[in-house]
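Taking it in order: structure first as structure tokens, then the write-up.
Since every read-out is calculated from the coordinates, none of them should be taken as a lab result. Bear in mind the structure is a predicted one, so any value in this text is a computation, not a measurement. Neighbour counts run over all protein chains shown; Cβ positions are idealised from the backbone, glycine included.
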Amino acid sequence: MRYNSPLEKRRRIPNQNGSDGKGKKDQRFLTPFFTRETDLREALRGAIKFKVDKEFTELKHEAVDKKLPEAEKAWGHLWGLVHNHLEPVAFAELRDQDEILTMMKHVYIGKFRNDRKQLQWALYEPGSERHLQFSLSGLRGQTITKDYLKKLVKHLKFESVLTSVSLPSLVFEAQQNDEESQATQTTHTQQVTNATQKGKGRSDLVSIFRWLSENHVRTIKRVTVVDDGDRPHSDEAIEEALSGFGVEIWDWKKPDICSDVISTAAPNVQEVSLYWTGNMATILGWYSNEGFANRDKFKELTQKDFRLLR
């Protein structure tokens, strides 16, 4: 039998309470993605148990074999910490780093990009859904801070691969007393800031994309950014914001953007939307051998959309 979707493809297995699968209440339905997750979780659980048993041999002996009350209490407390804190954190990191799961995410997102229900069923059990998209489109023209993002992330749990990020023209207000931010700022970020201060462009959205990275986002399939104001982002800021995210569909609305910026920030881009003010130098650059016609720079590019700004 052929299966056309994850909804049809889920296989039924007994759950961990030992059910034989006959009782509907005790059944779980696993896609290949869930199966891989289950295997990883069991392997991690076994490794943690082995490590704990080895490191706390004497405590285990007193608690399990001798059944000493204080030891039993300490042993129970230890495993409570392991199950409630250590294991979930370790599994989240393992899940996001596993190459097979990452490959599956890319396959499912590509296949069910226009069918959110199928995509959710392919990747998540009910109640464990993660955010596959991120949008601040409703905040056009507003000012946000790092505190705002810290509050926002309490209500969001991102998938490591996002189908899209959509950002309006907004202002990110840096908090001058944020010592942690200053300590982790890279040399390149400082160069971007210097360029901004010299009037070469803004860098507000660099902080947004850095925040996404800090919250375990590794890949962004589509980027849509409104950046057509009097002072758009500098080329350096755009490159820093998007480099490493593997963007495939580019829609950063900066007028007359240089093709080199796109090739640097998204070397595997497949589709680009370009915004032209009528400047002939821009169009000549786009069509030149150093522009989008250069297959060394744009190996995956298959679609270009040009829009004339009025």
Taking θ as phi - 60°, what are the ³J(HN,Hα) couplings along region 297-310 by the Karplus curve (6.51, -1.76, 1.60), each to the nearest whole Hz, with x for Gly and Pro?
7, 10, 5, 9, 5, 10, 9, 10, 10, 9, 10, 7, 7, 9
Which of 279, 264, 205, positive extreme of dipole for region 130-308 (C-beta unit charges)
205
Which aspartates and glutamates, on any chain, are close to residue 51 with Cα under 13 Å apart, when same-chain ones fewer than 8 places away are left out?
87
Take the Cα radius of gyration of region 130-308 and divide it by 2.2 N^0.38 Å, with N its residue count; two decimals is plenty.
1.03
Ordered by fewest other Cβ atoms within 10 Å, a rough proxy for footprinting exposure, 230, 147, 235, 260 read 230, 147, 260, 235
To the nearest 20 debye, what is the magnitude of the charge dipole of region 130-308 about its Cα centre, counting +1 on the Cβ of each Lys and Arg and -1 on the Cβ of each Asp and Glu?
460
